[in-house]
1. Checking the condition more than 12 Å from residue 82 (Cβ to Cβ), over 13 Å from the mean Cα position of the chain (by Cα), surrounded by fewer than 24 Cβ atoms within 10 Å (Cβ to Cβ) and free of Cβ contacts under 8 Å to residues at least 12 places away in the same chain, which residue from 130, 101 passes?
2. Does the range 146-159 contain at least one residue that is within 24 Å of residue 270 (Cα to Cα), part of a helix (DSSP H, G or I) and more than 12 Å from the chain's Cα centre (by Cα)?
3. Could you figure out which of (1) surrounded by 18 or more Cβ atoms within 10 Å (Cβ to Cβ); (2) more than 11 Å from the chain's Cα centre (by Cα) isn't true of residue 122?
4. Can you pull out every residue in the range 286-296 that is surrounded by fewer than 18 Cβ atoms within 10 Å (Cβ to Cβ) and assigned to a loop (DSSP other than H, G, I, E, B)?
5. Which of (1) part of a loop (DSSP other than H, G, I, E, B); (2) in contact with a strand residue (DSSP E or B) (Cβ under 9 Å, 6 or more places away or on another chain); (3) buried (at least 18 other Cβ atoms within 10 Å of the Cβ) is the odd one out, the single condition residue 311 does not satisfy?
6. Here are some residues: 24, 80, 66, 70. Which one is under 21 Å from residue 147 (Cβ atoms) and either at pLDDT below 95 or surrounded by fewer than 13 Cβ atoms within 10 Å (Cβ to Cβ) (or both)?
7. Return yes or no: is residue 178 assigned to a loop (DSSP other than H, G, I, E, B) and surrounded by 21 or more Cβ atoms within 10 Å (Cβ to Cβ)?
8. Would a scan of the range 104-111 turn up a residue that is under 15 Å from the mean Cα position of the chain (by Cα) and either farther than 15 Å from residue 166 by Cα or surrounded by 23 or more Cβ atoms within 10 Å (Cβ to Cβ) (or both)?
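The values are calculated or read from the model by the stated rules, or taken from the named source; none is laboratory data. Not measured: the values here are computed from a predicted model. With ideal geometry, Cβ positions are generated from the backbone for all residues, glycine too; neighbour counts draw on all protein chains shown.
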């Protein structure tokens with residue numbers, strides 16, 4: 001059916017996949033912290049939707065082939081629990097790989113995928129409009145669909161963990177409405193672990209989340225993605241009877257779990273919606289709740305620039321303990 005056009009498309013697609021795979025390999029200090037039995041690089045199909053297209057349930061957008069790194073920590077044939085890791089606005093950064101190695105040391109497999117490189121994006125720190133924030137939820141669902149078929153992965157014990165932009169994806173991937181529209185049939189994440197997600201948008205039916213554990217971790221001193229909107233959302237979810245917990249760490253800034261940031265780093269041009277109140281309109285548009293006008297990162301006056309990221313050793317250690325407890329309880333590992 002595609003005779004004649006396939007070779008060109010195939011070579012273009014494989015160039016994207018190989019480029020992404022090489023990038024992931026360069027970023028990962030593979031056996032620096034935890035030895036693993038096997039590392040596999042997997043391409044997988046996703047689609048690029050705008051936030052409005054995502055919210056109205058459009059299935060097909062611009063096709064894209066992403067790549068991810070699957071790390072199998074032990075030898076054997078038994079099925080292992082796994083965690084899918086979703087990076088933030090800086091792309092696949094070192095702290096995401098640090099978490100992968102930390103999970104591997106517990107005997108948990110990890111799948112760390114790259115939403116940016118195949119889409120021609122380096123990072124979205126200074127321009128968040130390059131990619132709709134909800135598009136990464138689709139990527140996470142496709143990643144789940146992929147690794148659930150792997151002979152070494154237990155499809156019933158796959159958790160989703162994300163950071164900042166990826167934390168937003170990890171949180172809202174729990175919405176039943178989104179799962180019905182974009183999720184894989186018959187599959188669901190066993191738990192959701194968002195780190196410092198943005199909760200400044202009120203989505204339609206956003207209290208109807210999966211009946212799974214949701215554990216959110218946030219710094220109280222975060223000036224990039226302030227915790228206050230997350231508190232309000234968590235309060236609504238708890239009133240709805242959902243299994244959700246928010247853990248805040250005093251004096252902790254954004255990306256408090258990246259040990260490389262011993263000295264806080266100021267991002268002068270980093271965009272932040274910290275003073276924006278947003279909501280989903282009936283037609284799927286994200287609008288400013290005050291002005292009722294469509295929201296855009298480069299057009300709305302509520303968007304500001306100038307943010308800080310920095311490490312907090314105590315918060316990082318305490319978050320690791322809490323995540324370990326969740327993994328032992330929910331993913332049934334030691």
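1. Just a single option satisfies the conditions, and that option is 130.
2. Within the range 146-159, none of the residues are within 24 Å of residue 270 (Cα to Cα), part of a helix (DSSP H, G or I) and more than 12 Å from the chain's Cα centre (by Cα).
3. Every condition holds for residue 122 apart from (1).
4. Across the range 286-296, the qualifying residues are 289, 290, 291, 292, 293, 296.
5. The single condition residue 311 does not satisfy is (2).
6. On the way: 80 fails: either at pLDDT below 95 or surrounded by fewer than 13 Cβ atoms within 10 Å (Cβ to Cβ) (or both); 66 fails: either at pLDDT below 95 or surrounded by fewer than 13 Cβ atoms within 10 Å (Cβ to Cβ) (or both); 70 fails: either at pLDDT below 95 or surrounded by fewer than 13 Cβ atoms within 10 Å (Cβ to Cβ) (or both).
One residue alone meets the criteria, 24.
7. no
8. Checked against the condition, which is being under 15 Å from the mean Cα position of the chain (by Cα) and either farther than 15 Å from residue 166 by Cα or surrounded by 23 or more Cβ atoms within 10 Å (Cβ to Cβ) (or both), the range 104-111 yields at least one hit.
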